[in-house]
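Since the structure comes first, as structure tokens, the remarks are kept for the end.
We did not get these values from a lab; they are worked out from the coordinates using the rules stated. Treat the numbers as computed from the prediction; the structure is a model and nothing was measured. Neighbour counts run over all protein chains shown; Cβ positions are idealised from the backbone, glycine included.
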Amino acid sequence: MVDVEEIDLKNVNLEKYDKKVGDSKDFVCVICPNSCRLHVEVGPTGEVDVQGYQCKRGFEYGIQEFLQPIRMLITTMKIENGVLPVIPVRSNKEVPRERIFDAIEVVNQTVAQAPVKMGDILVDNLLDLGIHVIASRDMEAK
Ligand code: SF4
């Protein structure tokens, strides 16, 4: 995740985030039902500017979504010896969007073993990102 509290928007390492002067993005803030329309742009001197937000959370969302979009991983995993053949799982933190398909691949190749308790870690340190995949519910053994 981008450390929005710490990042200096006048001196962003654009290369790190695969951005260049003039890049911009328009999107809707999804943090609350107000659905503010955000415009984020890299200005002529390399500074990153956000427009259209109405609060700090929206500002931070705009920076994050522009520089490094992240998404929660929510899917299912095969489980052996369970009362059901699959178990719903999720990441404990957001995953960089460009790694989501790799993350799903890891989950698809993993088979949990029942019984499982909600919150149990089923994949530790997913893709070396320091993120866990955890069970979203209990699953009894057969
Ligand atoms: S900018 Fe703030 S008020 Fe607007 S949608 Fe985002 S969270 Fe809500």
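A few notes on this one:
- In sequence order, calculated HN-Hα J values of the stretch 130-141 (Karplus, 6.51, -1.76, 1.60; Hz; x Gly/Pro): x, 10, 9, 9, 10, 6, 8, 7, 6, 9, 6, 7
- Spin-label model distance (nm) - Glu47 vs Cys32, 7 Å beyond Cα toward Cβ: 2.6 nm
- Per residue, the chain reaches -4500 deg cm²/dmol at 222 nm when only DSSP H runs of four or more residues are counted, each adding -39500 (n - 2.57).
- Separation of the Asp8 and Gln113 label points, Cα + 7 Å toward Cβ, nm: 5.2 nm
- Pairs beyond 21 Å (Cα-Cα), from Lys20/Lys93; Lys93/Lys142; Lys16/Lys56; Lys19/Lys56; Lys25/Lys93; Lys10/Lys56: Lys20/Lys93; Lys93/Lys142; Lys16/Lys56; Lys19/Lys56; Lys25/Lys93
- Close amide H contacts of Asp23 (hydrogens built in the peptide plane, cut-off under 5 Å, sequence separation of 5 or more or a different chain): Val42.
- Overall form of the stretch 74-135 per C-alpha gyration tensor (a/c, 1.5; a/b vs b/c): prolate
- Cα shape, the chain, gyration tensor, a/c 1.5 rule: prolate
- The chain - percent relative contact order, Cα under 8 Å, separation 6 or more: 18 percent
- Using R0 = 22 Å, the C-beta based FRET efficiency linking Val86 and Asp124 works out to 0.65.
- Highest mean packing first, where packing is the average number of other Cβ atoms within 10 Å per residue, the peptides 88-95, 122-129 line up as 88-95, 122-129.
- Unit charges at the beta carbon, dipole of the stretch 1-75: most positive-side option, Thr45, Cys55, Val12: Cys55
- For the stretch 13-30, Karplus couplings with θ = phi - 60° (6.51, -1.76, 1.60), whole Hz, Gly/Pro x: 6, 4, 4, 4, 9, 6, 10, 9, 3, x, 5, 8, 8, 10, 7, 9, 6, 9
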